[in-house]
């Protein structure tokens, strides 16, 4: 284990060994001292100044009162999926809008076009309702219809259209 | 004595596959940072032990008093720990840490109504290429200076007592900065032997240092 800690100091440990080494460091004070000594020896051999400084124990003691930091894990392997999904969603949205806008014969209900007999029955029913009495009633009460709102306007338009066909 | 042996070191070439390639210094830092971000405080201690002296030398260019330098180093590490969830490993950890150290020192100087000493123009990039040994102001207390001197003497004496192959291996690593593979080429031996020699050299030096360090005023981690 000590050989591995020495290799980790040099960045020469192989990736699959790191878990075991860090586990040992976490639980073993002697391993931590070895890590510190290795860095101190390197600094001394390079004739660096400030060899007497060692704030590690102070920092770690101060951190005992700090909440443990937890960062979200960065996504690495599946990063390509996000832009691909966004692109697919955009393409699907554009396709739906284009189909609704550009498709020929969208004004006529496809259901009515496919079943002409039913459509005639509807028209016939409406014609039978548009009697002169009803028309008078509608004209008389047109002023009370909600003209500002879209719903009221649409109702009147439908009524006039039906009346025209009835003549 | 200043050792250097690797005048004709060959360039670093990995003949083995990617899976057996060693992680490298920056990669080792990245792994430690990710451990801390996952809640492992002890991994942060390893980063503190690794970078505390570099950071202290950087800050001592801005602040003269050595006790204050230590306080600022400690404060910088605590700030770094708090900010670590936001660190994304886009830059090297030590570049990011140095920036925190410089900002902490500047804030400290502002709070205490002081101006930085003459060599304030420090940024993290400059700090890495800076020859500290020549320009660093010696601001240590007499006790710290004595400790530094004793550590240096002990390490030198231990080095002299090492067998030649161990001494060569650790000098190539620590002073010339060669990788294990390059050292293996220079010394004409397997990488595993290099790894073992460097460890044995450190172990022998460490054994000589322990009595001195155990008597040091700073409590050991």
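What follows draws every value from the coordinates through simple rules; no lab data is involved. Values in this document were obtained by computation on a predicted structure and should not be read as measured data. Note: ideal-geometry Cβ built from the backbone for every residue, glycine included; neighbour counts use all protein chains shown.
Points to keep in mind about this one:
- Sequence ranges A:43-55, B:204-216, ranked by mean other-Cβ count within 10 angstrom, highest first: A:43-55, B:204-216
- In nm, spacing of pseudo-spin labels at residue B:114 and residue A:19 (7 Å Cα→C-beta vector): 4.8 nm
- Peptides B:86-96, B:150-160, ordered by how many other C-beta atoms sit within 10 Å of their residues on average, highest first, read B:150-160, B:86-96.
- Packing-based order for B:189-198, A:61-70, using average beta carbon neighbours within 10 Å, highest first: B:189-198, A:61-70
- Within 10 Å of each Cβ in B:200-207, the average number of Cβ atoms from other chains: 5
- Euclidean distance of C-alpha centroids, segment B:54-92 and segment B:194-217, integer Å: 27 Å
- Partner chain coverage, peptide B:189-199 - average Cβ within 10 angstrom: 3
- For the segment A:87-100, counting C-beta atoms of other chains within 10 Å of every residue's C-beta and taking the mean gives 0.
- A Förster distance of 41 Å, applied to the separation of the beta-carbon atoms of residue A:68 and residue A:99, puts the FRET efficiency at 0.20.
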